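The values are calculated or read from the model by the stated rules, or taken from the named source; none is laboratory data. This is a predicted model, so every value here is computed, not measured. Counting neighbours? That spans all protein chains shown, and the Cβs are built from the backbone with ideal geometry, glycine included.
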Amino acid sequence: MSLNQDLKLGAYWNSLGFFIRFWIGLFSSILFVRLLGQEDYGIVTFILGCTSLGSILVNLGFGTIITKYIAEQRANGVKSQLFSLLYQTTLLRAGVIGIITVTLFFSKDLTAYFHKPFLAPYLYFIPLLLISTYFQGTFKTILSSYYEQKFINSCLILEMIIKLGLVLLALYWDLRIMGFLLAILLAELISGTQLLQRTRKKVFSVLQRSSTPFPLRSKLSLAGHAFGVTLSIRLLGRESDIFLLGILHHDIRQVAIYAVVFGLPNMTFELFRSALGGGLGLTIFTEQVEGHQIQALRATYKKILHLFSIFLFPTMIGGILVGGDLATLMYGSEYQGLSLLIGILFFALGIASINAVLTDLLFALDRGKALMKLQLGAGISNLLINIMVIPQYGALGVAVTTALINTAFTLTGMLLVHKIIQPTYPFQSWFRYLLISLIMGGCVYFFPFAFYWKIIMGMLVYGLLFILQALCSEDRVWLALVWRWILEYRQKFFSLSS
């Protein structure tokens, strides 16, 4: 299978898998918020946010080493030392989980100091969730590097369905927070076991065991850079915002509010990040860099920016206009009046969705140190400003800070990429998509319909305008591809019917 086919197939399965997971996740989120209530949902979100922050320490940047190493092996035909790499990194990660577990013995004093003593019993779930997250994440990284996106997404979809069923069962038995966390833990372990079995069958069976230990020391600088970047992503993202809101704000319900208004745009824009996510983007870029295919690298980067803009502009504008009404419909009247907050986050997370591509590309170009400095500076700035604004402004202050710093970081990252590979940009495409998105936004804003009719009308207007502009541009290849798919499925349908 060629590299171009790998890219298309991997991105296709990631996007399709996300689309299914999006609707399951959205349905689950609405149910959980309504069944748990704001305060209990805020506690669950706080615990999961702490777990996500802890996963940075457990990962230690080794996921990037594994992905990059496998891609370099494939490009250069080097004998595998993956078993040695996994053995060494697993020992180090197990030690970190042990340290975190010992630290949590002091959680009662810690939560009392922060005036949140009721959180203490739930903090003991953090090391258990860290183990399941590491177990699942390691094998997901390996399989993604071998273009097993179809299987990975089927596991994640099954995990979400199991999680939904177990959580509803726990709530039916009135286990509430404790049952919720147990359900998440069990679902992740089931998914991780499936990923392990697939890795043994599809990957480990074709690898050669090498008696030579993997030279981990020579790769520790890369691990350090990856760790710094991952840490800064968390400091600049939802996890640190939720952690600081839970600790510094007197109302735990602010955590639930922020989780809801953040979750809606975050799940929407995850489509762009997931298309090349899970190590696929880093694998593609690394193989092109190792093969000295600079022109192909520039073309791939340009095509990705082109594809992003097709969905990015209408989603940002539509979210800003109707996001608040959508949250009120889905989660209840207590989320009414949050249009400004959701609009800010739709803008911020839309811009930030490009960061996933920038991060993978810079790591593939061995610019991890520069990326770490840039992103860690943004993350620490976000952390310090949030500490100052949260006590007074709560979730709104966090959203504004996140929007400003994400925008600044994305623009700086694009300038850094431009300096290194000097790509060309799809300016004409950006202008066309922005123009038809603004026309769509005008129709949504000025027509006096109920907001759900506005959403339907906006999608129809944008779809029609996109088809019209595609007939006169390079996008007509997409129309031809869609038409070919329609004919193929039509032929399959009639052959089955006969």
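Here are the numbers for this structure:
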{"read-out": "Unique residue being crowded, with 24+ Cβ neighbours inside 10 Å, at pLDDT 80 or above and in the same structural domain as Lys302 (by TED's automatic domain parsing) when the list is Leu358, Leu362", "value": "Leu362"}
{"read-out": "Residue selected from the stretch 447-471 under the condition within 16 Å of Val322 (Cα to Cα) and of a type in the set (Gly, Ala, Ser), by the criterion modelled with the highest pLDDT", "value": "Gly458"}
{"read-out": "Which listed residue, of Gly337, Gly350, Gly368, is over 28 Å from Arg298 (Cβ atoms) and modelled with pLDDT under 80", "value": "Gly337"}
{"read-out": "Members of the stretch 379-411 that are surrounded by 22 or more Cβ atoms within 10 Å (Cβ to Cβ) and more than 19 Å from Val261 (Cβ to Cβ)", "value": "Gly379, Phe409"}
{"read-out": "Output for the stretch 51-82, where each listed residue is more than 21 Å from Ile131 (Cβ to Cβ), among the hydrophobic types (A, V, I, L, M, F, W, C) and either at pLDDT below 70 or crowded, with 22+ Cβ neighbours inside 10 Å (or both)", "value": "Ile70, Ala71, Ala75, Val78"}
{"read-out": "Candidates Glu270, Glu290 - the one that is at pLDDT below 75 and of a type in the set (Asp, Glu)", "value": "Glu270"}
{"read-out": "Among (1) of a type in the set (A, V, I, L, M); (2) at pLDDT 75 or above; (3) not in a helix (DSSP H, G or I), the one test that Ile30 misses", "value": "(3)"}
{"read-out": "Test: Asp360 is acidic (Asp, Glu), more than 14 Å from Thr268 (Cβ to Cβ) and outside any helix (DSSP H, G or I)", "value": "no"}
{"read-out": "Residues that are within 21 Å of the chain's Cα centre (by Cα) and of a type outside the set (Gly, Ala, Ser), drawn from the stretch 381-406", "value": "Asn382, Leu383, Val398, Val400, Thr401, Thr402, Leu404, Ile405, Asn406"}
{"read-out": "Residue list for the stretch 171-185, filter: assigned to a helix (DSSP H, G or I) and farther than 19 Å from Leu123 by Cβ", "value": "Leu171, Tyr172"}
{"read-out": "Test: residue in the stretch 343-358 that is over 18 Å from Thr410 (Cα atoms) and out of contact with any Lys or Arg (no Cβ under 8 Å at 6 or more places or on another chain)", "value": "yes"}
{"read-out": "Residue match in the stretch 283-301 (condition: surrounded by 22 or more Cβ atoms within 10 Å (Cβ to Cβ), in the same structural domain as Gly137 (by TED's automatic domain parsing), within 18 Å of the chain's Cα centre (by Cα) and under 30 Å from Met457 (Cβ atoms))", "value": "no"}
{"read-out": "Verdict on Leu48 being within 30 Å of Phe285 (Cβ to Cβ) and at pLDDT 75 or above", "value": "no"}
{"read-out": "Qualifying residues in the stretch 443-458 (those that are out of contact with any helix residue (DSSP H, G or I) (no Cβ under 8 Å at 6 or more places or on another chain) and assigned to a helix (DSSP H, G or I)) - the one nearest to Gly318 (Cα to Cα)", "value": "Ile456"}
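So that you can scan it fast, the table gives a plain yes or no per residue for (1) loosely packed, with under 15 Cβ neighbours inside 10 Å; (2) under 22 Å from the mean Cα position of the chain (by Cα); (3) not assigned by TED's automatic domain parsing to the domain that holds Gln136:
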{"position": "Gln149", "(1), (2), (3)": "no, yes, no"}
{"position": "Ser154", "(1), (2), (3)": "no, yes, no"}
{"position": "Ile157", "(1), (2), (3)": "no, yes, no"}
{"position": "Leu168", "(1), (2), (3)": "no, no, no"}
{"position": "Tyr172", "(1), (2), (3)": "yes, no, no"}
{"position": "Arg176", "(1), (2), (3)": "no, no, no"}
{"position": "Leu181", "(1), (2), (3)": "no, yes, no"}
